[in-house]
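The values are calculated or read from the model by the stated rules, or taken from the named source; none is laboratory data. Here the structure is a predicted model, which is why all the values come from computation and not from measurement. So basically every Cβ, Gly included, is an ideal-geometry build from the backbone, and we count neighbours across all protein chains shown.
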Amino acid sequence: MAKNEIRRRLLADAGLRVLAADGSRGLTHRAIDQVAGVPVGTTSNYFRTRDALVEGLVERIGERLAPSDEDLARRSTERPSTELFADYVRDIVRRLTADRDVTLALFELRLESSRRPEVAAVLGAWQRAGFDGDVAFNVAAGLPGGRREIALFHYAIDGLLLDRLTTPIDPDTSTDEIVDDLVSGLLR
């Protein structure tokens with residue numbers, strides 16, 4: 001059976017919705033079939049094993065969270081500065097909070113990676129590649145901060161997202177204001 005890439009993405013998107021709503025224990029081929037509205041067995045035709053499914057979900061998370069070419073092009077003409085760095089970070093946080101299912105699914109996979117080494121291997125490789133790409137981008141763009149600061153921003157953004165997507169400790173403070181404070185504090 002020829003694999004249709006559009007259907008594969010549709011199934012992966014349904015898998016992310018299942019993962020976000022029901023956690024890793026609810027993530028089954030049958031549950032994805034039901035959410036996607038496809039015949040039973042369709043998901044297993046595209047993702048034969050749970051490991052293949054996890055790999056497909058991680059790949060789809062990366063696709064859905066990637067910045068648009070237009071956003072990157074717009075910022076590429078600006079002078080490197082702390083303000084530009086803050087703008088990039090605010091954009092990352094906006095994409096992660098706007099696509100709630102993807103971010104919650106990513107948190108679910110991170111939790112699952114603490115219990116399953118095969119998930120840790122796939123997710124860890126993806127995270128490290130993304131981190132290395134972030135560091136390389138920051139250096140190439142001439143933005144402030146190096147490897148250590150980028151790592152600190154990853155840690156801070158993860159905590160901020162967990163807070164904002166669950167039960168915020170300070171719901172009256174805007175997310176952009178928090179990002180600006182983080183940038184100011186971490187890039188002194």
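When Ile6 is evaluated against the numbered criteria (1) touching a helix residue (DSSP H, G or I) at 6+ places or on another chain (Cβ under 8 Å); (2) outside the structural domain of Glu149 (by TED's automatic domain parsing); (3) of a type in the set (A, V, I, L, M, F, W, C), which criterion, by number, is the only one it fails?
Every condition holds for Ile6 apart from (1).
Do you know which of the residues in the stretch 68-110 that are surrounded by 15 or more Cβ atoms within 10 Å (Cβ to Cβ) and of a type in the set (S, T, N, Q) is nearest to Arg17 (Cα to Cα)?
The selected residue is Thr103.
Across the stretch 156-188, what is the total count of residues that are in contact with a Ser or Thr (Cβ under 8 Å, 6 or more places away or on another chain) and either without any contact (Cβ under 8 Å) to a residue 60 or more places away in the chain or hydrophobic (A, V, I, L, M, F, W, C) (or both)? Don't jump to the end; show me each part of the working.
Taking the stretch 156-188 first, the residues in contact with a Ser or Thr (Cβ under 8 Å, 6 or more places away or on another chain) are 160-161, 164-165, 175, 183-184, 187.
Imposing the further condition that a residue be either without any contact (Cβ under 8 Å) to a residue 60 or more places away in the chain or hydrophobic (A, V, I, L, M, F, W, C) (or both) reduces the set to 160-161, 165, 183, 187.
Residues in the stretch 156-188 being in contact with a Ser or Thr (Cβ under 8 Å, 6 or more places away or on another chain) and either without any contact (Cβ under 8 Å) to a residue 60 or more places away in the chain or hydrophobic (A, V, I, L, M, F, W, C) (or both): 5 in total.
Can you run down the residue pairs with Cβ atoms below 9 Å, 6 or more apart or on separate chains, where the first is in the stretch 14-27 and loosely packed, with under 15 Cβ neighbours inside 10 Å and the partner is at pLDDT below 95 and not charged (D, E, K, R)?
Hits for this filter: zero, empty list.
Select the helices (runs of 4 or more DSSP H) contained entirely in the stretch 1-94, then report the ones holding at least 3 residues which are at pLDDT 95 or above. Let's see the steps before the verdict.
Working: elements: 5-22, 29-36, 42-46, 50-65, 69-76.
Fully inside the stretch 1-94 and qualifying: 5-22, 29-36, 42-46, 50-65.
Quick one: in the stretch 110-145, which of the residues that are within 30 Å of Arg79 (Cβ to Cβ) and in contact (Cβ under 8 Å) with a residue 40 or more places away in the chain is nearest to the chain's Cα centre (by Cα)?
Residue satisfying both the conditions and the ranking: Gly130.
Scan the stretch 35-54 residue by residue and report those that are crowded, with 19+ Cβ neighbours inside 10 Å and within 14 Å of Arg116 (Cβ to Cβ).
Leu53, Val54
Consider the stretch 4-37. How many of its residues are out of contact with any Leu (no Cβ under 7 Å at 6 or more places or on another chain) and of a type in the set (A, V, I, L, M)?
Looking only at that region, the number is 7.
Can you list residue pairs whose Cβ atoms sit under 6 Å apart, with the first residue in the stretch 32-56 being touching a residue at least 40 places away in the same chain (Cβ under 8 Å) and under 25 Å from Ala120 (Cα atoms) and the second being among the β-branched types (Val, Ile, Thr) and assigned to a helix (DSSP H, G or I)? Count only pairs 6 or more apart in sequence or on different chains.
That search, which allows pairs on different chains as well, returns Val54/Val119; Val54/Val122; Glu55/Val122.
For the stretch 136-151, which residues satisfy the criterion of being surrounded by 14 or more Cβ atoms within 10 Å (Cβ to Cβ), out of contact with any Pro (no Cβ under 9 Å at 6 or more places or on another chain) and within 18 Å of Asp87 (Cβ to Cβ)?
Within the stretch 136-151, Phe137, Gly145, Glu149, Ile150 qualify.
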